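The values are calculated or read from the model by the stated rules, or taken from the named source; none is laboratory data. Keep in mind it's a predicted model, so treat the numbers as computed, not measured. As a convention, Cβ positions derive from the backbone with ideal geometry for all residues, glycine included, and neighbour counts pool all protein chains shown.
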Amino acid sequence: MRNTPVCVLGLGLIGGSVMRAAAAAGREVFGYNRSVEAVTAATADGFDATENLDEVLSAAAASNALIVLAVPVPALSQMLARIRDVAPQCPLTDVTSVKSCVVEEVRAVGLLERFVGGHPMAGTAHSGWVAGDAQLFVGAPWVVSVDDHVDPAVWTLVADLALDCGAVVVPARSDEHDAAAATISHLPHLLAEALATTAGEVPLAFALAAGSFRDGTRVAATAPDLVRAMCEANADQVLPVLDRALDLLKLAREALAEGNPLTELVDSGHAARVRYDSFSRPAIVATVIGADNWRDELAAAGRAGGVIRSALPVLDSPG
Ligand code: NAD
């Protein structure tokens, strides 16, 4: 239901952007941040924010709000314990950059039944309330998980929030999300850090640096704690893709050392990038949420590049 209130825990870049975007879509939204500075800034901007977690969770319980966890992985367990104690019936989602470890934490506190994981694939290298932007998610993919435990009603609430924020919904299983995120997010972070470190050791490099260096190291400007949190929490999935990238670089090194052409790496990289540029994103329109096999159907459609651009029909729902 699109009039379900939204309770955001953590009003940083992503949580602050969810709060602004949900409010701009006409949703009732309120939130919590641990620091008084962010709460003061959010309140000054006209939002309903507090640094009292139990107070915000009591309000969420009273209005059966959709709770959005928007804190880094290391902060999840303490938040989940408070949610279990104060607002255990509320539908629950998150925006964390890794999914399987969050599912395990949610399972451990007994809240899995009401949980559907999420990950908006949008961001900047900046942090905190001031970095938030109501437009951050416009046109961006927002993964909404279709794991076996997922409840159709909660799934619809989470997908509706993503759509209200202007995103397109990509349905995916948590394990498949983590394997893909390791490749397109966590590996780029590690490569960017390696590139920035390497250039930092070469005299004159920064003086000559232009587009290639700027684009290749953009994400190295991200707060180190966040980078560590997402890569370390997804180590199992990062290791094989890191090995693959290191193998490719090792082969390129051997080719250079032996005076051979770099054809293999450069041609395959170029071909993959061209394929990405023409990757199509067909709209998913036919799946009925809650019908037989709906989760598998959505996972397959998401795997094939499909996205949800507007609300899907829900089984036994009027209209
Ligand atoms: P941020 O630093 O801007 O905000 C983090 C928020 O978490 C802040 O409100 C902070 O006060 C709060 N927080 C941190 N530790 C806490 C603790 N121990 N107890 C209570 N609150 C705590 O970071 P962000 O970029 O908004 O990241 C938040 C989540 O969004 C992370 O899980 C991250 O993986 C995910 N995410 C980030 C991006 C990105 O590009 N930055 C993109 C998608 C998802």
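Structure notes:
- ALA233 meets the stated requirement of being within 16 Å of the ligand (Cβ to nearest atom) and either on the phi > 0 side of the Ramachandran plot or out of contact with any strand residue (DSSP E or B) (no Cβ under 9 Å at 6 or more places or on another chain) (or both).
- Restricting the range 279-298 to residues that are touching a residue at least 60 places away in the same chain (Cβ under 8 Å) and surrounded by 18 or more Cβ atoms within 10 Å (Cβ to Cβ), the residue that is nearest to PRO313 (Cα to Cα) is ILE289.
- Qualifying residues in the range 44-59 (those that are part of a loop (DSSP other than H, G, I, E, B) and within 17 Å of LEU69 (Cα to Cα)) - the one farthest from the ligand (Cβ to nearest atom): ASN52
- Subset tally (residues that are surrounded by 14 or more Cβ atoms within 10 Å (Cβ to Cβ), part of a helix (DSSP H, G or I) and among the polar types (S, T, N, Q)) for the range 182-238: 4
- Of all the listed residues (ALA41, ALA62), the sole one being part of a helix (DSSP H, G or I) and touching a residue at least 40 places away in the same chain (Cβ under 8 Å) is ALA41.
- The range 21-37, subset in contact with an Asp or Glu (Cβ under 8 Å, 6 or more places away or on another chain) and among the hydrophobic types (A, V, I, L, M, F, W, C), residue nearest to PRO5 (Cα to Cα): VAL29
- Considering the range 78-181, the qualifying strands (runs of 3 or more DSSP E), each wholly inside and each with 3 or more residues that are touching a residue at least 60 places away in the same chain (Cβ under 8 Å) and among the aliphatic types (A, V, I, L, M), run over 168-172.
- You will find that of SER63, SER127, SER77, the residue that is within 10 Å of the ligand (Cβ to nearest atom), modelled with pLDDT of 95 or more, hydroxyl-bearing (Ser, Thr, Tyr) and surrounded by fewer than 24 Cβ atoms within 10 Å (Cβ to Cβ) is SER77 and no other.
- Being more than 12 Å from the ligand (Cβ to nearest atom), polar (S, T, N, Q), surrounded by 19 or more Cβ atoms within 10 Å (Cβ to Cβ) and under 21 Å from the mean Cα position of the chain (by Cα) is true of SER100.
- Of all the residues in the range 1-41, those that are under 19 Å from LEU136 (Cα atoms) and near the ligand (Cβ under 10 Å from one of its atoms) number 13.
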